[in-house]
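Everything below concerns the one structure shown next.
The values are calculated or read from the model by the stated rules, or taken from the named source; none is laboratory data. Remember, it's a predicted structure, so these values are computed and weren't measured experimentally. Because the Cβ atoms are built from the backbone with ideal geometry, glycine has one as well, and the counts that use them run over all protein chains shown. Heads up: the accessible areas ignore ligands, DNA and RNA and are worked out on the full protein's heavy atoms, side chains in. Shrake-Rupley method; radii C 1.70, N 1.55, O 1.52, S 1.80 Å.
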Amino acid sequence: PDAHPAFLASMINLYGYAAYRRGERSEGGVKHGAYVDAAKRFALALAKVTPDTQRSLLTEIGFYHGAALQSLALLDDAAEAAVSLDAAAATFRAIAEHGAGDGTVHPIAAYNLYVVLQNRARLATGRTALPYLAEARQALLQAMGSPSFAESHADHAARLAELDAAIGAAGR
């Protein structure tokens with residue numbers, strides 16, 4: 001407990017990664033429990049570092065934290081899935097905002113945020129889906145603006161059109 005916070009975060013991250021991998025290889029309650037364990041460990045590791053102290057480690061842990069929460073959402077009923085997706089969105093939102101060292105939005109985190117918010121919108125009905133869809137649209141636009149996704153522009157344009165149609169339908 002007295003070790004350097006970055007070292008502790010790295011060690012906790014490894015335990016979280018092991019739990020995540022266990023979840024990928026398991027079934028039923030064991031799978032669910034492994035993802036819960038992984039998400040808790042990643043959250044604990046995230047609390048040990050900041051973008052100012054260990055940006056790359058924070059980004060790595062954050063991606064795994066979001067992935068563990070997304071995996072949980074796939075296993076849970078709608079109410080629990082919504083909680084996991086909201087937490088995953090918060091994680092990817094934080095990485096997107098603070099993940100790139102040059103002050104720009106982290107494009108991969110923005111894309112992951114788009115995916116999570118689109119899935120979260122599917123759990124909402126009617127107009128309650130609008131805030132998720134609108135933020136998903138903004139996140140996709142941020143990802144599309146990055147050279148990292150230049151080769152995927154046509155695919156992203158189609159996804160953007162799909163989002164616009166969903167926003168229109170939810171607004172009626």
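If you take the residues in the stretch 123-133 that are surrounded by 16 or more Cβ atoms within 10 Å (Cβ to Cβ) and not small (G, A, S), which one is farthest from Q70 (Cα to Cα)? Across the stretch 123-133, the extreme among qualifying residues is L133.
Condition check ((1) among the β-branched types (V, I, T); (2) over 11 Å from the mean Cα position of the chain (by Cα); (3) more than 20 Å from S148 (Cβ to Cβ)) across all residues:
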residue: V30; (1), (2), (3): yes, yes, yes
residue: Y35; (1), (2), (3): no, yes, yes
residue: A38; (1), (2), (3): no, yes, yes
residue: A47; (1), (2), (3): no, yes, yes
residue: S56; (1), (2), (3): no, yes, no
residue: S71; (1), (2), (3): no, no, yes
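Residue-wise test of (1) assigned to a helix (DSSP H, G or I); (2) touching a Leu at 6+ places or on another chain (Cβ under 8 Å); (3) at pLDDT below 95.
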residue: D37; (1), (2), (3): yes, no, no
residue: V49; (1), (2), (3): no, yes, yes
residue: Q54; (1), (2), (3): yes, no, yes
residue: L58; (1), (2), (3): yes, yes, yes
residue: I61; (1), (2), (3): yes, yes, no
residue: Q70; (1), (2), (3): yes, yes, no
residue: A89; (1), (2), (3): yes, yes, no
residue: F92; (1), (2), (3): yes, yes, no
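Within the stretch 25-42, being charged (D, E, K, R), without any contact (Cβ under 8 Å) to a residue 40 or more places away in the chain and either under 15 Å from A73 (Cβ atoms) or surrounded by fewer than 21 Cβ atoms within 10 Å (Cβ to Cβ) (or both) holds for R25, E27, D37, K40. How do the pairs read when you match residues in the stretch 43-65 that are under 22 Å from V116 (Cα atoms) with residues anywhere that are surrounded by 17 or more Cβ atoms within 10 Å (Cβ to Cβ) and of a type in the set (S, T, N, Q), using Cβ under 6 Å and keeping only pairs 6 or more apart or on different chains? Cβ pairs passing all conditions: A45/N13; I61/N13; G62/T91; H65/T91. Hey, among the residues in the stretch 79-97 that are of a type in the set (A, V, I, L, M) and crowded, with 24+ Cβ neighbours inside 10 Å, which one's nearest to H65 (Cα to Cα)? That would be A88.
Against the test of being among the aliphatic types (A, V, I, L, M), buried (at least 16 other Cβ atoms within 10 Å of the Cβ) and modelled with pLDDT of 95 or more, the options A100, A139 yield a single qualifying residue, A139.
Of the candidates N112, N119, the single residue that is open to solvent by less than 60 Å² (accessible area, probe 1.4 Å), out of contact with any Leu (no Cβ under 9 Å at 6 or more places or on another chain) and closer than 14 Å to Q70 by Cβ is N112.
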